[in-house]
Amino acid sequence: MKRGHHLLARVPSLSDPTVLYDVKSDVWYWQAYVGLAILVALPFALIWIILRSPKSLVWLAWLVAPIIPVCGIVQIAAAHADRYLYLPAIAVAVALGYLLSPAAFGSAEETGGWARWVAAGLTVAILGGFTTLSIQRAGVWRNDEQLWGDAVRKNPDLPSALNNYGAALMNNRKVEQALQQYYKAYEVLPTLDVAQFNIAATELKLGRPDKAQKYAEEFVAQHPEMPTGWILLGQLY
């Protein structure tokens, strides 16, 4: 079943990550300008690295190569996802280590005492910041209800997040709360097929076939080739 996209939800920042990001195809946001600036700077960075340290090309390739398949040139299921940065982050970590190591471990002639303190401070700030973020995100990923509840708080108008939060609530037998989320998803995007199906199935489960009929028929009209819709409609009738 396809998932819908809504153009009004925001893209959280690095300090405010989420399991599901929205596609923004109609408006340029600051993240897009930063990405374009990096793209323009890459050829110049390549020339500088070749002239200064050809061995560093390995790490530049490590940074860029994993991003190419998910950079948006070819449309994929999720335009934004934290997991796309896992491999490139290794190259960033190596670059930071390369920049900080002379100050931290260089000789007295190469660096002064102040540089060592700056290097130590930056290292503690970087490690401490990302450790804190990791602990926070690990808590969010503890279970589906927390994960999708967090996504809805950060993207309250994203239908896919609303529907998935409803499914998580349903798995925990919070049927009425789940139904509310399905209806919210449907209100934002009436053509969202999973919301249509889930509303119909849940209303039928609650013994309200009159409320389920509209959504079951909409689902079948969208997907006449799917037997699950016809089975649901048959149960309803």
Residue 47 meets each of (1) of a type outside the set (S, T, N, Q); (2) farther than 30 Å from residue 220 by Cα; (3) open to solvent by 80 Å² or more (accessible area, probe 1.4 Å); (4) modelled with pLDDT under 70 with one exception, condition (4)
- Query: Would it be correct to say that residue 87 is at pLDDT 80 or above, closer than 24 Å to residue 36 by Cβ, aliphatic (A, V, I, L, M) and surrounded by 14 or more Cβ atoms within 10 Å (Cβ to Cβ)?
  - Reply: no
(Q) Being small (Gly, Ala, Ser), open to solvent by less than 40 Å² (accessible area, probe 1.4 Å) and modelled with pLDDT of 85 or more is the requirement here; does residue 138 meet it? (A) no
Flagged in the range 62-78 as open to solvent by 50 Å² or more (accessible area, probe 1.4 Å) and at pLDDT below 85, in numbering order, are 63, 67, 68, 69, 71, 72, 73, 74, 75, 76, 77
Output for Cβ contacts, cut-off 6 Å, separation at least six or different chains, first residue more than 14 Å from residue 203 (Cα to Cα) and in a helix (DSSP H, G or I) in the range 158-180, second open to solvent by 70 Å² or more (accessible area, probe 1.4 Å) and of a type outside the set (Lys, Arg), reads 168/144; 169/177
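The values are calculated or read from the model by the stated rules, or taken from the named source; none is laboratory data. No experiment lies behind these values; they were computed from the predicted model shown. Counting neighbours? That spans all protein chains shown, and the Cβs are built from the backbone with ideal geometry, glycine included. Heavy atoms of the whole protein, side chains included, go into the accessibility calculation; ligands, DNA and RNA do not. Shrake-Rupley method; radii C 1.70, N 1.55, O 1.52, S 1.80 Å.
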